[in-house]
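Student: Have a look at the structure that comes next, please.
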Amino acid sequence: MASSLININEATTGELQQLQGIGPKRSTYIIDFRSRVDLIRNTFDLATATGLSIKAAEQLAPRIEWKTKAMQPFGLWPAALVTLASFWLVVSGFDQLASEQLFAPYSYFNLSLALILLGGLVMTGDMAVATIRGRPGKSSRVSILAVCLFSAGFVILMLLSASTLFVTYPVNFQNTLGSTFLFIGYCALMFWLIYGPAFCLRLFIEDKQLEKLDSSKFLYDISLVLVPFLPLYTMVCTLDLYNDPNWTTEIFAFWCAAVVTLGGLDLVRGRSAFIGILSETDRSRFRFAYFARGRREEANRTARALGWICLGEAAALLVIAAAGVTLP
């Protein structure tokens, strides 16, 4: 019944303790989160405030009233823009697939790309719906379909690549396969550099997982040093193999240089780039989850050295990428 729901953003400590697993200490954390960070808008915020797992927070959701007059409206345009762009890519992929005859290996290659794009569209839609419903940490069964579609496309792509050991394909097709795998690698690295910290924050937000959040923070800082080697190696050592007239590698190199520079500046200042890439709201969530319950961050003595290495790599990326674009 609606009358038995606990308004998470207005309830007192006594009322909050009516929720299973919320004792005096966790109810105090909820009050502190509301005053120091923001309103509790979803189960992820509830897990951040209390130290519970997102799964445990989801079990409490049916007993919670999330609405409040101060709630901010959800901005639909970012999700709508991404969804429309993904849908356009999928339609274009299937249109190209339908316009060609079933002739191996090209049609199989187009089919693999169409499945990968379709899986991405389904996952994007699932994430958008979860965010609109106020539960960004929870995925539905639709995400399983997205993973299956993406995996099927990737398996076909892997089989095509493996078949080059036994079948002689035209050189342009083999180069296309190599460029496609390189592009997928770039997309994976872009996802990690942009969304990796936010993903890890949602994955390891509970009290029992904060040590893994420490490891993720260290891994992200190290990855900033390692990521530039892929475009550097591609541009310097395999330029003839992956000669892309659209300058895919050079574009990724420019983007990577910008991200690595920003992360390097954070490291030079003695701060983790993991925290710097988070949104302002996620940064507040991180600090609350990490410090509000008595944890302290150890001094990172290697941060400044890593930062200078990142800045040097970014400068090299810019110079080599600019040369690749300007030189004939």
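Just so you know, all these numbers are worked out from the coordinates, no wet-lab data involved. Since we're looking at a predicted model, the values are computed, not measured. Cβ coordinates were reconstructed from backbone atoms using ideal geometry, including for glycine residues, and neighbour counts include every protein chain displayed.
Student: Tabulate in residue order the Karplus-calculated ³J(HN,Hα) for segment 221-226, using 6.51 cos²θ - 1.76 cosθ + 1.60 with θ = phi - 60°, rounded to whole Hz; enter x for Gly and Pro.
Tutor: 4, 5, 5, 4, 7, 8
Student: Pull out the extension gain between M158 and R283, defined as 0.36 nm times the separation in residues minus the alpha carbon to alpha carbon distance; nm, one decimal.
Tutor: Gain on extension, M158 to R283, equals 41.2 nm.
Student: Could you work out the local net charge near V227, counting Lys and Arg as +1, Asp and Glu as -1, over the other residues with Cβ closer than 14 Å to its Cβ?
Tutor: Summing Lys/Arg as +1 and Asp/Glu as -1 gives -2.
Student: If we sort 146-153, 168-175 on the protection proxy, mean other Cβ atoms within 10 Å, highest first, what's the order?
Tutor: Highest mean packing first, the order is 146-153, 168-175.
Student: Using the Karplus equation 6.51 cos²θ - 1.76 cosθ + 1.60 (θ = phi - 60°), what ³J(HN,Hα) coupling, rounded to whole Hz, does each residue of segment 305-315 give in order, writing x for Gly and Pro?
Tutor: Per-residue couplings from phi come out as 5, 4, x, 5, 4, 4, 5, x, 5, 4, 5 Hz.
Student: Residue by residue, what Karplus-based ³J(HN,Hα) values in Hz, rounded to whole numbers, does segment 144-150 have, using 6.51, -1.76 and 1.60 with θ = phi - 60° and x for Gly and Pro?
Tutor: 5, 4, 4, 5, 5, 5, 5
Student: Also: Quick one: which residues, 5 or more positions from I64 or on another chain, have an amide H under 5 Å from its amide H? H modelled 1.01 Å from N in the peptide plane, none for Pro or chain starts.
Tutor: I6
Student: Right, next: Hey, which of these cross-link pairs are over 20 Å Cα-Cα: K25/K208; K25/K212; K55/K217?
Tutor: K25/K212; K55/K217
Student: Provide the gained length on full extension for the span I222 to D32, in nm with one decimal, where the gain is 0.36 nm per separating residue minus the Cα-Cα distance.
Tutor: Taking I222 through D32 to full extension adds about 65.1 nm, to one decimal.
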